[in-house]
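Engineer: Let me begin by handing over the structure; questions about it come next.
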Amino acid sequence: MLIRGAGLPEVNGRKDYGVGGLQGKIGHFVVRLTTPENPFRPHKHEALEFWFILEGEGIATLDEGDVPVQPGDLLIFQPWQIHGLRTETQVRWICFG
């Protein structure tokens, strides 16, 4: 699932991505940098995972196919869903789940 941050309204300095029903314990929280030399290769695993794009533009690989991502986008991956990220420049993003 991809939630575009650019389309969300900001109210009192807050953007709500509406993920309340997906909350649980976080096993990791990592800030990553993906570059052409360091793509995040498609993979899958048993845990729910969230990616928040901070800077740059890239292409996320999902079960459904490739989608462009940009700052403010939130990607949500269900367990065993294929996911990866590549770029022609660089993308800084947060990975947690």
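Engineer: Return a whole-number percent for the relative contact order of the chain, with Cα pairs under 8 Å and 6 or more residues apart as the contact set.
Structural biologist: Over the chain, the number comes to 40 percent.
Engineer: Rounded to whole Hz and in sequence order, give me ³J(HN,Hα) for segment 75-88 from the Karplus expression 6.51 cos²θ - 1.76 cosθ + 1.60, θ = phi - 60°, writing x for Gly and Pro.
Structural biologist: Once θ is set to phi - 60°, the couplings for segment 75-88 become 10, 10, 10, 6, x, 6, 7, 5, 8, x, 8, 9, 7, 8 Hz.
Engineer: Continuing with this model, one more query. Using the Karplus curve 6.51 cos²θ - 1.76 cosθ + 1.60 with θ = phi - 60°, what ³J(HN,Hα) values do you get for each residue of segment 25-35, in whole Hz, with x for Gly and Pro?
Structural biologist: 6, 9, x, 7, 9, 9, 9, 10, 10, 9, 10
Engineer: Whole-Hz ³J(HN,Hα) for each residue in segment 38-47, computed from phi via Karplus 6.51 cos²θ - 1.76 cosθ + 1.60 with θ = phi - 60°, x for glycine and proline: what do you get?
Structural biologist: Values per residue, Gly and Pro as x: 9, x, 9, 5, x, 7, 8, 7, 7, 9 Hz.
Engineer: Right, here's the next one. The list [x] 1.26; [y] 1.75; [z] 1.05 gives values of Cα Rg over 2.2 N^0.38 Å, and only one came from this structure; which label was calculated from it?
Structural biologist: It is the value labelled [z].
Engineer: Residue 90's amide H: which non-local residues (gap 5+, or another chain) put their own amide H closer than 5 Å, with H modeled 1.01 Å from N in plane and none for Pro or chain starts?
Structural biologist: Amide H to amide H, under 5 Å and 5 or more residues apart or across chains, residue 90 pairs with 57.
Engineer: Amide H of residue 81 versus every other amide H placed in the peptide plane: which residues, excluding those fewer than 5 positions away on the same chain, fall under 5 Å?
Structural biologist: 45
Bear in mind that the values in this text are calculations on the coordinates, not laboratory data. Note that the structure is a prediction, hence the values are computed from the model and not measured.
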